[in-house]
Amino acid sequence: MVYILDMNDEYSILFDKYLKLSDEKKALNDCVFKAIEDSFGRKSLDILDVGCGEGKLSSSLAKEGHKVSAIDVRDSFIEANVNFESIGFFEYSTEKKFDLIIMAYFLWELPLYKWDDVFLKCSQMIKGGGKIFVVDVCNEGKFDNIFFEFNLIQDRESQDLQDYWERYCEKKCAREKKINFNSSLTAANPSDIYEAIAFFFKEPLLKDIYIKNKQEFIDFFERKKKKNGKIILTSKHALDVIGNTL
Ligand SMILES: C[S@@+](CC[C@H](N)C(=O)[O-])C[C@H]1O[C@@H](n2cnc3c(N)ncnc32)[C@H](O)[C@@H]1O
């Protein structure tokens with residue numbers, strides 16, 4: 001089954017609720033900045049942020065002095081200094097070559113048969129010695145396993161993405177390094193957590209399960225409460241550094 005997320009307004013509203021309680025964006029930024037320093041030192045880079053979303057990462061990279069281009073099929077709220085184009089990745093065309101192409105939480109939205117084309121296109125847009133950062137397709141452990149506990153993602157392709165991605169890297173000899181990082185979702189109230197994770201359940205089928213299991217969810221989060229009354233759900237992410245060997 002190929003699972004493609006419909007990134008419409010409802011998703012954005014739901015995702016904003018998640019971001020209010022999660023430090024995921026900060027965790028992503030910190031990890032990307034560290035990986036840049038490890039791979040390139042402190043020089044200013046030509047960067048392309050593919051599927052930039054609302055563009056927080058692009059903006060902070062530009063503020064650090066990098067020359068940032070960013071694309072997304074949706075209109076974004078990117079600040080000045082970022083060369084943003086509202087266009088699909090496969091339709092995007094440029095004469096420019098980049099030191100670094102970032103795909104954060106992007107690949108998992110594409111059908112698997114498109115991945116080869118993604119990397120082929122990247123390899124044509126990258127300078128010698130350039131890198132690709134892929135974040136999150138190999139996400140290990142989803143929110144302390146609530147998904148497994150509730151058996152929610154059994155049939156979703158996204159559950160198999162980690163395996164697929166590992167095999168893909170082996171086959172293509174593409175990965176130079178894998179850097180794991182964590183993010184946390186913190187709240188005092190179980191129903192806040194319940195609402196914050198609603199974006200995961202946006203598809204009609206999952207939405208049904210989500211609504212039917214409301215009380216079970218709330219109880220589950222109640223049990224997760226720490227002594228200080230806080231509920232903290234951690235999620236593991238990974239940033240893969242891919243060399244231009246594709
Ligand atoms: C999960 S969001 C991640 C956004 C951002 N990179 C971040 O880390 O928050 C994935 C983004 O990819 C965009 N996207 C999906 N398919 C795309 C395509 N074919 N070309 C360009 N952008 C695409 C979506 O519109 C969405 O903003």
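Contact map, the range 48-76: residues that are at negative phi and among the polar types (S, T, N, Q) paired with residues that are assigned to a loop (DSSP other than H, G, I, E, B) and surrounded by fewer than 19 Cβ atoms within 10 Å (Cβ to Cβ), Cβ distance under 6 Å, separation 6+ or inter-chain. Pairs shown: Ser59/Glu79; Ser76/Glu54. Checking each residue in the range 69-84 for being touching a Cys at 6+ places or on another chain (Cβ under 9 Å), near the ligand (Cβ under 9 Å from one of its atoms) and not in a strand (DSSP E or B) picks out only Ser76. If the condition is being farther than 25 Å from Phe181 by Cα and among the polar types (S, T, N, Q), then the range 191-244 contributes Ser191, Asn213, Gln215. Residues in the range 38-57 that are in contact with a Phe, Trp or Tyr (Cβ under 6 Å, 6 or more places away or on another chain) and part of a loop (DSSP other than H, G, I, E, B): Gly51, Glu54. Contact map, the range 214-238: first residue within 30 Å of Cys169 (Cα to Cα), second residue in a loop (DSSP other than H, G, I, E, B), Cβ cut-off under 6 Å, separation 6 or more or different chains; pairs are Lys236/Glu140; Lys236/Gly141; His237/Asp136; His237/Asn139; Ala238/Cys138.
Counting only residues that are among the charged types (D, E, K, R), in contact (Cβ under 8 Å) with a residue 60 or more places away in the chain, more than 10 Å from the ligand (Cβ to nearest atom) and closer than 17 Å to Cys169 by Cα, the range 85-140 holds 2 of them. Among the conditions (1) at pLDDT 95 or above; (2) of a type outside the set (A, V, I, L, M); (3) in a strand (DSSP E or B), the only one that Gly128 does not satisfy is (1). Only one entry in Ser58, Ser44, Ser69 is more than 17 Å from the chain's Cα centre (by Cα) and either modelled with pLDDT under 95 or closer than 20 Å to Glu109 by Cβ (or both), namely Ser69.
Selection over the range 9-36 of residues that are over 15 Å from the mean Cα position of the chain (by Cα) and either acidic (Asp, Glu) or within 15 Å of Cys52 (Cα to Cα) (or both) gives a count of 2.
Screening the range 185-235 for residues that are closer than 19 Å to Asp23 by Cβ and among the β-branched types (Val, Ile, Thr) and picking the one that is farthest from the chain's Cα centre (by Cα) gives Ile231.
Per the listing Lys171, Lys178, the residue uniquely modelled with pLDDT under 90 and away from the ligand (no atom under 14 Å from the Cβ) is Lys171.
The values are calculated or read from the model by the stated rules, or taken from the named source; none is laboratory data. Because the structure is predicted, anything quoted here is derived from the model rather than measured. FYI the Cβ positions are ideal-geometry reconstructions off the backbone, even for glycines, and counts take in every protein chain you see.
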